[in-house]
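The values are calculated or read from the model by the stated rules, or taken from the named source; none is laboratory data. This is a predicted model, so every value here is computed, not measured. Glycine also receives a Cβ, built like all others from the backbone with ideal geometry; neighbour counts cover every protein chain displayed.
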Amino acid sequence: MKERDSKEGEGPTDTPNFDSYNNLLPSGQNAPQSNTHDSMSPDFLKVENTINADGKKIKLQLPLSCEPPGPNNKTKPKVWIIFGASGHMGQSLTRACLSKGDEVVAVGRINENTIESMQTTFPHPNCFNTLCDVRVRESVSAVIEQALEKFKRIDVIANCSGYGVIGACEDQDEHEIRNQFETNFMGTVHIIQLSLPYFREQGAGRYLIFSSTSGALGVPGLGPYCATKYAVEGMIEAMLYEMDAFNIKATLVEPGLVRRDEKELASGPLPTWGHFLIKPPSEPYSDPTSPALHAKRMVQWLGDKQPTSAKKCADLVWQLGHCSYPPLRLLLGSYAIESIRDRLRSIIEELEDWKHLHHPIAPVDELDNEEDSDDARDVDVSAKTKKEDRAAKRAAANSSKVESDADSSS
């Protein structure tokens, strides 16, 4: 991949309040703290940092190394397609884009919304409302064609759509598992494959794919859902290298536990975990302390705490769409930071525990030398064997001659 030359004053240490970048908790709520205090445990998890010494709120901003939009980096309005715009994260992102002057194709879930309900949700002149089933390739293609017909171009595509089933892996039937893969993974495949030719011809484009901390963790009670997110993460990371030559960027957005904090959404029909189906556990997993019920307990806790602000997340994602150098992953919220950091730490510890079983691989040139030595030894052995064979034949011939001479003399 192409690397941008670093400039003095633009490294990670010079970012404006990088601590505030992950400070997404509402006022008065403490973030989980790490037990260690090293370079992996900075103070940006503290809620108090959202207000500076003058009592003014600090604007959450991407690091300067990303060249986010701002006074020194003016950006033009962009055209967005936001899949899953009817969900609470999609709604927050759509409103953020419209409030900044961008134009948006807001795509609602076809089995949960109508065009009329979408127009009621987003009655904005710069917003074109439509419906889509991301599982159906033709449905996604129609959205892209509508966007080009309406706004004549596409700059950013965000996929906020998702579906999950909460329940033990054993309890989830084949239809439920396939539906999660069709929505979360194949839906993403459809979106990218159908829009990538346009971005390539345009010479630029941006994908913002909403993943999850479940794309880095194995969460009990969310096994198949985690599998879909692992698949999305692997595909996007591979495609990032493939698309880089065409000036097409992609970012995996990994929110933690996101609350619904927009007033007009507070009394909405869907609960906070609205895109999850919670299955009753079967008898082997019905014990209240069963690990399979962890995800269910988590979303119930989320309904009470709702720690991460969707509006603040949406503002950062909008910056992703306008920054010059987006990251591969953007983790939002202290829960996401801490949980994935702990996961990586456990992997490193496990590698250290078992590394004595692994043998270092010799450099290629050493292997070549060893092969040459083996060939030379083979030649030496072959020559030695032939020489020994000839000597044995001569000895046998001499022995026969001696015996013959002895017989003649007698």
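Before moving on, here are some points about what is shown:
- Residue match in the stretch 93-109 (condition: over 17 Å from Gly321 (Cβ atoms) and either in the same structural domain as Leu330 (by TED's automatic domain parsing) or outside any loop (DSSP other than H, G, I, E, B) (or both)): yes
- Within the stretch 135-163, the residues that satisfy the criterion of being in contact with a His (Cβ under 6 Å, 6 or more places away or on another chain) and closer than 26 Å to Gly203 by Cβ are Arg137, Val140.
- Ser141 assigned by TED's automatic domain parsing to the domain that holds Leu196 and over 29 Å from Lys74 (Cα atoms): yes
- Residues that are part of a loop (DSSP other than H, G, I, E, B), within 18 Å of Pro327 (Cβ to Cβ) and within 17 Å of the chain's Cα centre (by Cα) within the stretch 187-240 comprise Ser211, Ser212, Ala216, listed in sequence order.
- Residue in the stretch 171-186 that is modelled with pLDDT of 95 or more, surrounded by fewer than 17 Cβ atoms within 10 Å (Cβ to Cβ), aromatic (Phe, Trp, Tyr) and part of a helix (DSSP H, G or I) present: no
- Residues of the stretch 293-306 include at least one that is outside any helix (DSSP H, G or I) and either at pLDDT below 70 or assigned by TED's automatic domain parsing to the domain that holds Ile340 (or both).
- The condition (being farther than 17 Å from Ile144 by Cβ and at pLDDT below 90) is satisfied by just one residue among Thr94, Thr50, Thr120: Thr50.
- Qualifying position, being surrounded by 14 or more Cβ atoms within 10 Å (Cβ to Cβ) and modelled with pLDDT of 80 or more, among Leu277, Leu257: Leu277
- Of all residues assigned to the stretch 137-147, none qualifies as being in contact (Cβ under 8 Å) with a residue 40 or more places away in the chain and among the acidic types (Asp, Glu).
- When residues of the stretch 116-142 are limited to those that are more than 24 Å from the chain's Cα centre (by Cα) and among the aliphatic types (A, V, I, L, M), the one farthest from Thr251 (Cα to Cα): Met118
Conditions tested, residue by residue: (1) crowded, with 20+ Cβ neighbours inside 10 Å; (2) under 28 Å from Pro197 (Cβ atoms); (3) touching a Gly at 6+ places or on another chain (Cβ under 9 Å).
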residue	(1), (2), (3)
Pro68	yes, no, no
Pro71	no, no, no
Gly90	yes, yes, yes
Gly108	yes, yes, yes
Pro123	no, no, no
Asp133	no, yes, yes
Ser141	no, yes, no
Ala147	yes, yes, no
Lys152	no, yes, no
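- From Ser339, Ser346, residue being surrounded by fewer than 20 Cβ atoms within 10 Å (Cβ to Cβ) and either on the phi < 0 side of the Ramachandran plot or out of contact with any His (no Cβ under 7 Å at 6 or more places or on another chain) (or both): Ser346
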